[in-house]
Amino acid sequence: MAGKKKAQKKKAEKTAVPGNGRCINRELSWLQFNGRVLEEARDTDNPLFERVKFLAISASNLDEFVMVRMASLYDLEDADIKEPDIAGLLPKEQIAKVTEAVHAFTEEQYNVYRRMILPALHAAGVEIAEDLSALSAGEQERLDRYFDEEVYPVLTPMAVDAARPFPLVRNRAVYIGALVREKKKEPGETDLCLVQVPEVLPRLYEVSAKNASPRRFVLLEDVIARQLEKLFLNYDILCRYPFRVLRSADLEIDEDDAPDLLIEIENRLKQRRWGDALRMEVPSDADRRLVQRLSEELQVEEEELYRLNGPPDLTFLQKLYAAEGFSQYKEKRYRAPWPHPAFEKDGDIFEELRQGDVLLHHPYDSFSPVVRFIEQAAQDERVLAIKQTLYRVSADSPIIAALAFAAERGKQVFVLVELKARFDEENNIVWARRLEKAGCHVIYGLTGLKTHCKITLIVRRDDDGIRRYVHLGTGNYNDSTARLYTDLGMFTCKEAYGADATAVFNMLSGYSEPRAWNRLILAPLWLKERLLYLIRREGERAAAGEPAHIIAKMNALCHAEVIDALYAAAAAGAEIDLIVRGICSLRTDLPECEGRIRVRSIVGNFLEHSRVFYFENGYQPELYLASADWMIRNLERRVEIMFPVEDEALRAEVKHILETELADTEKARVMLADGRYGRVDKRGKKRVNAQRQFCEDAAARARHESAANTRVFHPRTPKEKEG
């Protein structure tokens, strides 16, 4: 962000619909999604520690929203952009509305924390102590020993005066700010001091004795604040309060002029620490003088100041969730993953794939076959080449290790590591260098584009000749998130897919573009046009009196052309069901659509992440999986892939997934006429929790039980309404 303006923002009017015109503002729609996450923290049907986890997730989500999306809005305002967004709002108007909404959301978060989570934890024998003077003598002694032996040695007190300028306040880190006065100075003369709460120590410390009840935890900033006099000897501490700053995390990279993209991104990552302050969090009772001094030093305006009824950075609740001894308060109804029966534990994966295409539904189906696919290829003497795209991988990725091993064994290994994957840049730089050192051919993505597609190609010399084995997915090659995110992946060794996969990698590594494609549809080349064609075709089918139905599952929908095409198809008579986890700028109340567009969002135990598109197409249905959401960035600024599912058994599996999610009455919310979301009206409907159903499906597959009777696909009719 070049520089954030300091003009006063006009307070936004409160409106029922978060936007105006024919579409909903994407930022306000995202905040509604995070509100649905927060609803899970309020939901007393969820186990207590799952509620704790959802509150932490909502806090983490909001941090990223401020650092990225709000930063982008300020960038647009700085650039004096006069073009309105999809909802007809100028950047200044968006900033005003979003700022008001973020303040309201933050207040609701802390209401949930203070009024619901803390009392529920207390009732369960868990306390997050706030008044440390109320601790028992044994606990206070334990706390003093912990401070002296482990905390004090790593602290760095920072005074601010003429000789010591205001220090760098790191993005997202918690600090203690204090006003102090030297004992020999006159009253009224104060100095500002800061202490960073060290990130190398746990944010939560359990101060209670082993097996004690209640189990009592304290926050590290409170431990430090309690002993602040030991850091500023000869000073009187006038006030002490924790605070935190969020900065812009937008990276501006001139890829055309960068001689080495890896080095350029490394340099830009260092600058992220200096991004403009967009949000400062302080306790609601913080001393006014201290807040004013901090605001002046950090150039934070009043609307960027958030007074909290609780500690800054509620993501510390993830640490509480991870603490040992609380399994009785966690979710046990979602048993996953399960082994897929298509893959024997120690079998030849290539032999198994020659029997036919295989679909994996993560996290219900284990991700291990995907890892085995790479590991076995690395060890197989018949494998000649391995090619793969990597966007986000785990911290200790077995896939990276397998690729490096393959290269060291002399195989041709090509890996595209996307260095511009936001907040994974540093991690990906490490992996790129490790792969290069092992002898892999590594590229860092394409100039001006992010490579977001998920594709692996293995070239093998089989008994009957060269054969290409392909894995295509909707989610990342990340064995950690594959246990948390719902995604779909397809294995195939059909020639049409193999030829297209080869063409994709030739395009990524060079300048080769085939004259024709067999199955894969790529962005930014043709994917948008293909989607628009498929949507318009449904409208034409409907106008001709033929069956016309679109079911599209994705993470976000905010592409204006796609939305207009959906409106037109619905106006022509097509039925449209959208399962959109997060941002949805489309509205369901346009009169010309006559209620034929329905939108639902599922927020559950796992993060919905797969992209699935179904087109009725008269009497010839088509079904696609994709890496792309229906957003401008996916369809026009990223390398993405959409591919058809042609095997009838696999099509039945995907249809079952869509059908079950459309039937969900437990974790689904539906968009109402005013643009808000509400729970499904359960009257007269079977209680369905899609994610738990998928766990049962995976268990049935693992036990070789037939689930055919549950896999009947019934497209919705115009008369079927949702509450």
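Brief remarks on what is shown
- For the range 523-710, relative contact order (Cα pairs under 8 Å, six or more residues apart, normalised by length) works out to 21 percent.
- The ranking of I551, I466 from fewest to most other beta carbons within 10 Å of each one's beta carbon is I466, I551.
- Mean Cβ count within 10 Å, highest first, over the residues of peptides 323-335, 562-574, 201-213: 562-574, 201-213, 323-335
- Sequence-distant contacts, meaning Cα pairs under 8 Å at least 6 residues apart, place the relative contact order of the chain at 12 percent.
- Gain upon complete extension [E83, Q227; 0.36 nm per residue less C-alpha separation]: 46.5 nm
- Axis of helix 26-42 versus longest Cα principal axis of the chain: the two differ by about 70°, to the nearest ten degrees.
- Cβ crowding within 10 Å averaged over residues, with 447-455, 228-236, 579-587 ranked highest first: 579-587, 447-455, 228-236
- Relative packing of peptides 437-443, 33-39 - highest average C-beta neighbours within 10 Å first: 33-39, 437-443
- Residues of the range 61-95 with amide N under 18 Å of the 7 Å Cα→Cβ point at D564: 83-89
- Axis angle, to the nearest 10 degrees, between helix 398-408 and the longest C-alpha principal axis of the chain: 70 degrees.
- Prolate is the label for the chain, because the ratio a/c of its alpha-carbon gyration tensor axes (a ≥ b ≥ c) is 1.5 or higher and a/b is greater than b/c.
- Model label sites at E149 and R679, defined 7 Å from Cα along the beta-carbon direction, differ in position by 4.9 nm.
- Label-reachable residues, the range 468-507, where backbone N falls under 18 Å from a point 7 Å from Y533's Cα toward its Cβ: 497, 500
- Principal-axis tilt of helix 261-271 within the chain, Cα atoms, nearest 10 degrees: 30 degrees
- Computed from the C-beta positions of D161 and S133, the FRET efficiency with R₀ = 41 Å rounds to 0.85.
- Measuring r between the beta carbons of K185 and Q292 and using R0 = 22 Å, the FRET efficiency lands at 0.65.
- Whole-number D in µm² s⁻¹ for the range 490-631, Kirkwood Cα-pair radius fed into Stokes-Einstein, 4 °C, 1.567 mPa s: 79 µm²/s
- Across the range 349-518, C-alpha contacts under 8 Å between residues 6 or more apart give a mean separation that, scaled by the residue count, equals a relative contact order of 28 percent.
- E495-Q412 FRET efficiency (beta carbon distance; Förster radius 25 Å; 0.05 resolution): 0.80
- For the pair A209 and L384, the difference between a 0.36 nm per residue extended length and the Cα-Cα distance amounts to 57.1 nm.
Bear in mind these aren't lab numbers, they're just calculated from the coordinates by the rules spelled out. On a predicted model such as this, the values are computed, not experimentally measured, just so you know. Note that we place each Cβ from the backbone using ideal geometry, even for glycine, and neighbour counts take in every protein chain shown.
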